[in-house]
1. Tell me which residues, restricted to the stretch 23-78, are charged (D, E, K, R) and in a loop (DSSP other than H, G, I, E, B).
2. Can you find, within the stretch 13-34, the residue that is farthest from the ligand (Cβ to nearest atom) among those that are surrounded by 13 or more Cβ atoms within 10 Å (Cβ to Cβ) and among the charged types (D, E, K, R)?
3. For residues that are more than 16 Å from the ligand (Cβ to nearest atom) and loosely packed, with under 12 Cβ neighbours inside 10 Å, tally how many sit in the stretch 37-51.
4. Count, please, the residues in the stretch 56-82 that happen to be surrounded by fewer than 14 Cβ atoms within 10 Å (Cβ to Cβ), over 12 Å from the mean Cα position of the chain (by Cα) and either touching a residue at least 24 places away in the same chain (Cβ under 8 Å) or under 14 Å from residue 12 (Cα atoms) (or both).
5. Against the conditions (1) more than 12 Å from the chain's Cα centre (by Cα); (2) over 15 Å from residue 61 (Cα atoms); (3) at pLDDT 95 or above, where does residue 34 fall short? Just the number, please.
6. Within the stretch 1-11, can you find the residues that are loosely packed, with under 13 Cβ neighbours inside 10 Å and either within 14 Å of the chain's Cα centre (by Cα) or modelled with pLDDT of 90 or more (or both)?
7. Residues in the stretch 52-63: is at least one at pLDDT 95 or above and near the ligand (Cβ under 10 Å from one of its atoms)?
8. Residue 50 - would you say it is in contact (Cβ under 8 Å) with a residue 24 or more places away in the chain and at positive phi?
Amino acid sequence: MASERIRTSQIKLDRELCIGAGMCESVAPEAFVVDEDGLVEFGPGLAALGDEPLDDESYTAAAAAAAVCPAQAIIFNLKANA
Ligand code: SF4
C-alpha cells in the first residue's frame, strides 16, 4: 500500500495558505492542530512519528484532513524522500 511509504517530511503544511478554519483538526486531531498563531501544525500523532512511515490509521486521518481543507494547505508530496 502506498501509505507505507509516506512520511511526515512528505506532507507539507503551507501556513501561507492556511486560513485557520480548523477543519483539519476537527476530522484528524491527532494529525493536525491549529496552533496559538491560528495556523495548522502537526498534531501529536504525526509529530510523535517523526519521519517514520505513516501507519494506515495516520495516513487515513491525514488524507481525510487534506480533503476537507478549504485552502489546500495540506499537501502530499509523494516524490519527496521516496
Ligand atoms: S483545514 Fe486547512 S485552512 Fe483550516 S486550519 Fe487546517 S490547514 Fe489550515
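1. 30, 35, 36, 37, 51, 52, 55
2. 30
3. Residues that pass the stated criteria total 2.
4. Of the residues in the stretch 56-82, 7 are surrounded by fewer than 14 Cβ atoms within 10 Å (Cβ to Cβ), over 12 Å from the mean Cα position of the chain (by Cα) and either touching a residue at least 24 places away in the same chain (Cβ under 8 Å) or under 14 Å from residue 12 (Cα atoms) (or both).
5. That leaves (1) as the condition not met.
6. We begin by selecting, within the stretch 1-11, every residue loosely packed, with under 13 Cβ neighbours inside 10 Å; these are 1-2, 4, 9.
Listed by number, the list holds a single entry, 9.
7. No, the stretch 52-63 contains no residue that is at pLDDT 95 or above and near the ligand (Cβ under 10 Å from one of its atoms).
8. Here the answer is yes, as residue 50 does meet what is asked.
The values are calculated or read from the model by the stated rules, or taken from the named source; none is laboratory data. The structure presented is a predicted model; accordingly, all values stated were derived computationally and were not measured. Virtual Cβ from ideal backbone geometry, glycine too; neighbours counted across all protein chains shown.
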